[in-house]
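A quick write-up on the structure given underneath.
The values are calculated or read from the model by the stated rules, or taken from the named source; none is laboratory data. Computed from a predicted model, the values in this text were never measured in an experiment. Using ideal geometry, Cβ is built from the backbone for each residue, glycine included, and neighbour counts are taken over all protein chains shown.
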């Protein structure tokens with residue numbers, strides 16, 4: 001091959017590589033060029049759905065594309081997680097992720113995804129739990145409830161979003177610490193639990209404060225304690241469990257995730273915009289009114305939270321025999 005012909009071939013190859021690289025950059029810079037799905041694994045109107053819809057609305061505006069919130073309930077969030085990780089991992093299928101991704105991976109032997117399938121983008125809030133009881137119970141505060149429960153062993157029911165859910169784990173931990181015996185009733189979502197709690201068909205619900213504050217303010221239920229380290233500003237008269245002699249501080253969190261393999265540039269773009277939305281005064285006001293904390297993170301920080309939650313759940317699942325097929 002002559003030197004001139006070789007040089008022409010090299011030049012042609014270089015041009016093709018540059019053209020391909022330019023095309024890839026153009027494709028990345030065009031994101032998003034179609035609607036984006038944000039899948040929520042729990043009922044509409046619940047503690048995960050409301051922040052998700054706020055984030056989706058503002059994120060869609062800033063990205064210039066419609067964001068569609070889809071509620072795919074059931075199996076403690078597994079249906080939603082499986083849906084997202086089974087779709088193309090191109091940034092158009094996002095998940096409102098919670099501690100359930102880690103919990104499910106830790107307690108279910110045949111869970112339809114691996115935790116490594118989930119790509120963290122950003123945390124959007126941290127929240128604490130309130131112990132809510134039905135107005136049908138004669139107890140008015142924590143000590144009265146414990147006394148009543150001990151006098152009626154096995155007669156009280158608590159609501160939980162599926163077996164192995166945070167609600168079940170927390171109820172089991174509290175039962176062990178206090179010596180009370182209650183029975184867990186699984187539901188598809190928090191809205192169904194709330195209906196039965198208000199009517200008195202179940203008696204206790206360990207819930208994120210976001211989902212029980214409206215009913216509490218309306219006098220439809222009682223909140224007798226919270227799991228925060230200090231009293232919440234929205235519940236100044238409600239004691240912490242620590243105040244009642246229980247070393248019990250627990251929190252949950254919400255985040256936005258994608259499927260692993262989503263382009264780093266897309267993850268970085270979404271992270272930047274989500275962090276800005278979390279700082280909006282109207283978002284902070286909505287979150288703080290419910291006793292939660294508006295909080296963003298790096299993908300790496302959220303990844304550590306997912307891993308830590310998984311490890312903690314493995315220990316708890318062994319203690320209480322929470323291993324399911």
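Would it be correct to say that residue 258 is surrounded by fewer than 19 Cβ atoms within 10 Å (Cβ to Cβ), modelled with pLDDT of 95 or more and under 19 Å from the mean Cα position of the chain (by Cα)? The answer is no for residue 258.
Within the option set 309, 238, being modelled with pLDDT of 95 or more and either farther than 24 Å from residue 77 by Cα or in contact with a strand residue (DSSP E or B) (Cβ under 9 Å, 6 or more places away or on another chain) (or both) holds for one residue only, 238. Just so you know, in the stretch 262-274 the residues that are in contact with a strand residue (DSSP E or B) (Cβ under 6 Å, 6 or more places away or on another chain) and in a helix (DSSP H, G or I) include one that is farthest from residue 48 (Cα to Cα), and it is 267. Applying the criterion of at least 2 residues that are without any contact (Cβ under 8 Å) to a residue 40 or more places away in the chain and surrounded by fewer than 18 Cβ atoms within 10 Å (Cβ to Cβ) to the helices (runs of 4 or more DSSP H) found wholly in the stretch 21-125 leaves 49-63. Within the stretch 188-204, the presence of at least one residue that is assigned to a loop (DSSP other than H, G, I, E, B) and at pLDDT below 95 is confirmed. Does residue 226 satisfy the condition of being surrounded by 21 or more Cβ atoms within 10 Å (Cβ to Cβ) and modelled with pLDDT of 95 or more? Yes.
Cβ-Cβ contacts under 8 Å between residues 6 or more apart (or on different chains), taken from a first residue in the stretch 261-274 that is at positive phi and surrounded by fewer than 19 Cβ atoms within 10 Å (Cβ to Cβ) to a second residue that is at pLDDT 95 or above and in a loop (DSSP other than H, G, I, E, B), are listed as 261/89. Being crowded, with 21+ Cβ neighbours inside 10 Å, in contact with a strand residue (DSSP E or B) (Cβ under 7 Å, 6 or more places away or on another chain) and either under 30 Å from residue 80 (Cα atoms) or without any contact (Cβ under 8 Å) to a residue 60 or more places away in the chain (or both), is that true of even one residue in the stretch 136-148? No, because not a single residue in the stretch 136-148 is crowded, with 21+ Cβ neighbours inside 10 Å, in contact with a strand residue (DSSP E or B) (Cβ under 7 Å, 6 or more places away or on another chain) and either under 30 Å from residue 80 (Cα atoms) or without any contact (Cβ under 8 Å) to a residue 60 or more places away in the chain (or both).
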